[in-house]
1. Quick one: which helices (runs of 4 or more DSSP H) sit completely within the stretch 80-144 and have at least 3 residues that are surrounded by 15 or more Cβ atoms within 10 Å (Cβ to Cβ) and among the hydroxyl-bearing types (S, T, Y)?
2. Name the single residue that is nearest to the chain's Cα centre (by Cα) among those in the stretch 51-76 being within 16 Å of P142 (Cα to Cα), open to solvent by 30 Å² or more (accessible area, probe 1.4 Å) and in contact (Cβ under 8 Å) with a residue 12 or more places away in the chain.
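The values are calculated or read from the model by the stated rules, or taken from the named source; none is laboratory data. What you see is a predicted model; the values in this text were computed from it and never measured. Heads up, the Cβs are rebuilt from the backbone with ideal geometry, glycines too, and the neighbour counts pull from every protein chain shown. The protein model used for the area step is the full one, side chains on, heavy atoms only, and it has no ligands, DNA or RNA in it. Shrake-Rupley method; radii C 1.70, N 1.55, O 1.52, S 1.80 Å.
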Amino acid sequence: MKTDKHITRSHGRMVCRIPLVLTGCAPLWVALVSFLALPRSGRAQSGEHGKELFEKRCTGCHALDKEKEVPRLRGVYGRTSGTVTSLQYSEALKTAHITWDAASLDKWLADPEKFVPDSDMAFQLVRAEEQTDIIACLKQLPSN
């Protein structure tokens, strides 16, 4: 009976023989499978994924390059809160003097009302991995 060169019969059962060349790749396969099994937060921060999330979660109110009734978000990373002169900010946000970095944006996105009470931002992101990816996107955007 003809069989595939990697399959043999042993005691009446079909047995797969892994070619020797692939056995040296086993650590690589284990590492790849382990990486793919990690939750999103265990992977590198993804600015590209963050941009997709930004489009889904933030563009109802915000834009990257123009003010709506809220500030543009291009260049927000490193900016001080309440400083876009063409906008009317809440008094709480104007006097908070927060420099927007990863830590402050993380707290802001998780619960704006807790971070800056009376700030007038009603939206929050409850998934930490979404916060991380959106922050990575905002950080990577070139300023205009």
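1. So the answer is none; nothing clears 3.
2. If we take residues in the stretch 51-76 being within 16 Å of P142 (Cα to Cα), open to solvent by 30 Å² or more (accessible area, probe 1.4 Å) and in contact (Cβ under 8 Å) with a residue 12 or more places away in the chain, then K51 is nearest to the chain's Cα centre (by Cα).
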